[in-house]
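Asker: I have a structure here, written as structure tokens, and I will follow up with some questions on it.
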Amino acid sequence: MRASRRPIGETTWAVLACQLGLVVVVLGAWQLASGRLVKPLWISRPTDIFAQLWEWVAEGSLWPHLVTTLTEMLIGFVIGSALGIVAGLVLGVLPAVATILNPLLTGLYAMPKVALAPLFILLFGIDLASKVALVAVTVFFLVFLNTMSGIREVDQDLADSLRLMGATGGEVFRKVMVPSAAIWVFNGLRISVRYALTAAVYGEIIASNQGVGFLVSYSKNALDTAGTFAALTVLALLGLAFTLLVARAETSSLKWKI
Amino acid sequence: MAEPAIVLRDVTQVFPGRGAAREVIALEGVSLAVAAQEFVALVGPSGCGKSTVLNLVAGLWPPTRGEVRCTGRPVTGVNTRVGYMTQKDTLLPWRTTLANVGIALELKTRRATGWDRDRISRYIELVGLEGFEHHYPSQLSGGMRRRVALARTLIYEPETLLMDEPFGALDAQLKLVMQAELLRIWGETRNTVVFVTHDLGEAIALADRVVIFTGRPGQVKAVQPVDLPRPRDVFSIRFTPRYAELYEKLWGLLQTEVTKGESL
């Protein structure tokens with residue numbers, strides 16, 4: 001039997017202490033540099049940033065922004081990934097169609113999706129819909145291409161072995177193609193989460209009146225450096241939370257991969 | 001007299017060349033009959049078309065010329081009357097031992113649930129894998145994975161078993177263990193077996209008849225009945241004089257083919 005792999009960075013108390021120490025040193029240096037070496041207007045200072053964060057949390061003014069960004073992400077993610085999986089499965093089993101569409105799809109995929117933000121704002125307005133569209137398009141392509149590769153990469157010997165046991169085309173699709181593509185689909189979803197956050201926030205920065213991205217751009221426009229950094233901190237934490245969530249979902253759903 | 005379980009009549013298989021690759025004549029005028037409940041081993045140099053014979057019987061594609069029949073009917077499409085254990089691992093990596101063995105029943109009964117748990121357990125026991133029901137293939141050793149594949153092939157009780165170097169990738173000791181298991185199980189089930197191997201010793205120890213193939217294009221060079229008594233002990237049979245005699249005779253036939261292939 002194969003021994004399960006040891007995680008690369010096992011968190012021991014010593015590691016934790018080092019990490020904590022590093023944070024203290026960096027924040028301390030930042031705090032000392034601000035006002036002495038660099039103008040606070042440029043880099044603010046940690047205490048001000050935490051004060052701002054605390055104020056947002058205590059007042060409750062952060063929540064509507066957070067909820068807006070998460071809603072855009074969630075709706076866009078669901079729409080984009082559902083369409084991506086379906087399109088990937090269909091084109092995966094219809095390679096002829098995929099070949100015809102290939103130049104178009106590659107072109108659209110290669111285009112930076114955030115460049116669509118102005119167009120979507122023009123089409124869908126500055127509210128939720130334009131950001132949802134941007135997230136959906138971004139997620140769609142990642143999930144779609146991964147799903148299609150997954151179907152293409154299916155081991156034909158596995159499919160043949162099932163056919164010999166009397167499997168119909170539909171059964172081969174359900175019992176071999178789909179589970180075998182699942183790992184690719186999952187990979188697409190995993191990558192998409194990060195891009196979904198990027199797309200939502202970027203859309204908000206371009207034009208909006210709510211959302212964490214709006215908070216960044218609003219604070220910047222008000223020359224509120226502490227507010228800008230505070231909003232960025234929220235985004236960093238949000239990104240981290242999603243990364244952890246995806247990692248957990250992956251280990252529980254793909255047990256067989258070890 | 002009943003028709004033999006498997007019949008190949010003057011079968012030729014040509015694989016067309018593609019681009020710079022020349023066309024390959026894998027089999028040329030091969031005729032072969034395997035009786036019901038007989039254990040036949042096909043031996044020959046690599047690339048002599050032994051596996052092609054199995055693929056034709058399994059109906060994965062039609063022969064270029066000639067006829068292939070299985071249990072009284074011509075093979076015209078994927079032949080679901082055979083159990084095919086390939087050289088390569090074809091276990092589904094996302095299924096546990098239980099579910100991998102169960103898939104054969106699942107496909108037969110066309111129901112995802114309510115498979116015959118007792119029957120699956122019986123076959124898992126038959127190949128000696130009790131306690132590993134809930135392991136995924138990646139958690140099993142090479143020998144255990146072969147056992148799962150064997151159980152999966154046996155569970156739907158095919159009249160005919162096709163085995164393509166099933167133990168080729170195993171180490172020498174494990175191979176002996178698996179051979180003994182196979183003979184024990186075959187003693188109970190008595191399927192018709194066509195067993196492809198490049199190991200002459202394995203062929204003699206297991207089979208009722210050994211068919212020697214020439215190098216490419218594959219033709220039947222000789223057919224040798226193995227008159228060693230059953231039940232056989234694959235460990236000790238190698239030290240009997242009759243085994244040595246057969247080995248020497250067949251090796252003489254095989255050697256010229258193998259060296260011919262090497263000098264090409």
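Asker: Just to be sure before I move on: is B:Lys249 closer than 25 Å to B:Val24 by Cα and of a type in the set (Lys, Arg) in the structure I sent?
Answerer: So B:Lys249 fails the test.
Asker: May I ask you to verify whether A:Leu197 is in contact with a strand residue (DSSP E or B) (Cβ under 7 Å, 6 or more places away or on another chain) and surrounded by 22 or more Cβ atoms within 10 Å (Cβ to Cβ)?
Answerer: For A:Leu197, the condition - in contact with a strand residue (DSSP E or B) (Cβ under 7 Å, 6 or more places away or on another chain) and surrounded by 22 or more Cβ atoms within 10 Å (Cβ to Cβ) - is not met.
Asker: Now for a separate question. What is the one condition in (1) away from chain B (no Cβ under 11 Å); (2) crowded, with 20+ Cβ neighbours inside 10 Å; (3) farther than 24 Å from A:Phe140 by Cβ that A:Asn221 does not satisfy?
Answerer: It is condition (2) that A:Asn221 fails.
Asker: What pairs come up if the first residue lies in region B:137-156 and is more than 9 Å from chain A (Cβ to nearest Cβ) and touching a residue at least 12 places away in the same chain (Cβ under 8 Å), the second is surrounded by fewer than 20 Cβ atoms within 10 Å (Cβ to Cβ) and among the hydroxyl-bearing types (Ser, Thr, Tyr), and their beta carbons are under 8 Å apart, counting only those six or more places apart or on different chains?
Answerer: B:Leu154/B:Thr189
Asker: Scan region B:1-31 for residues that are surrounded by 13 or more Cβ atoms within 10 Å (Cβ to Cβ), without any contact (Cβ under 8 Å) to a residue 60 or more places away in the chain and of a type in the set (A, V, I, L, M, F, W, C) and jot them down.
Answerer: B:Val11, B:Val14, B:Phe15
Asker: A further question on this structure: Helices (runs of 4 or more DSSP H) wholly in region B:29-137 with at least 1 residues that are of a type outside the set (Val, Ile, Thr) and under 21 Å from A:Ser180 (Cβ atoms) - which ones?
Answerer: Answer list for region B:29-137: B:97-109.
Asker: Can you name the condition, by its number, that B:Val34 falls short on among (1) closer than 21 Å to A:Gln156 by Cβ; (2) surrounded by 22 or more Cβ atoms within 10 Å (Cβ to Cβ)?
Answerer: It fails just one condition, (1).
Asker: Identify, from the list A:Ala98, A:Ala29, the residue that is more than 24 Å from A:Ile205 (Cβ to Cβ) and exposed (fewer than 14 other Cβ atoms within 10 Å of the Cβ).
Answerer: From the options A:Ala98, A:Ala29, the qualifying one is A:Ala29.
Asker: Something else: How many residues are more than 9 Å from every other protein chain (Cβ to nearest Cβ), touching a residue at least 12 places away in the same chain (Cβ under 8 Å) and surrounded by fewer than 18 Cβ atoms within 10 Å (Cβ to Cβ) when one looks only at region A:152-172?
Answerer: Residues flagged as more than 9 Å from every other protein chain (Cβ to nearest Cβ), touching a residue at least 12 places away in the same chain (Cβ under 8 Å) and surrounded by fewer than 18 Cβ atoms within 10 Å (Cβ to Cβ) within region A:152-172 amount to 2.
Asker: Among (1) under 18 Å from the mean Cα position of the chain (by Cα); (2) part of a helix (DSSP H, G or I); (3) in contact (Cβ under 8 Å) with a residue 40 or more places away in the chain, where does B:Leu162 come up short?
Answerer: Unmet for B:Leu162, out of (1) under 18 Å from the mean Cα position of the chain (by Cα); (2) part of a helix (DSSP H, G or I); (3) in contact (Cβ under 8 Å) with a residue 40 or more places away in the chain: (2).
Asker: Which residue, of B:Pro74, B:Pro62, is within 15 Å of B:Val34 (Cα to Cα) and either modelled with pLDDT under 90 or more than 10 Å from every other protein chain (Cβ to nearest Cβ) (or both)?
Answerer: Answer to the check: B:Pro74.
Asker: Hey, another quick one. Only residues that are surrounded by fewer than 21 Cβ atoms within 10 Å (Cβ to Cβ), more than 7 Å from every other protein chain (Cβ to nearest Cβ) and within 30 Å of B:Ala2 (Cβ to Cβ): list them for region B:77-104, please.
Answerer: Hits for region B:77-104 are B:Gly77, B:Arg81.
Asker: Restricting the search to region B:149-164, which residues are within 18 Å of A:Leu158 (Cβ to Cβ) and among the acidic types (Asp, Glu)?
Answerer: Within region B:149-164, B:Asp164 is the sole residue that qualifies.
The values are calculated or read from the model by the stated rules, or taken from the named source; none is laboratory data. Owing to the predicted nature of the structure, the values given are computational and were not obtained by experimental measurement. All Cβ positions, glycine included, derive from the backbone under ideal geometry; neighbour counts span all protein chains shown.
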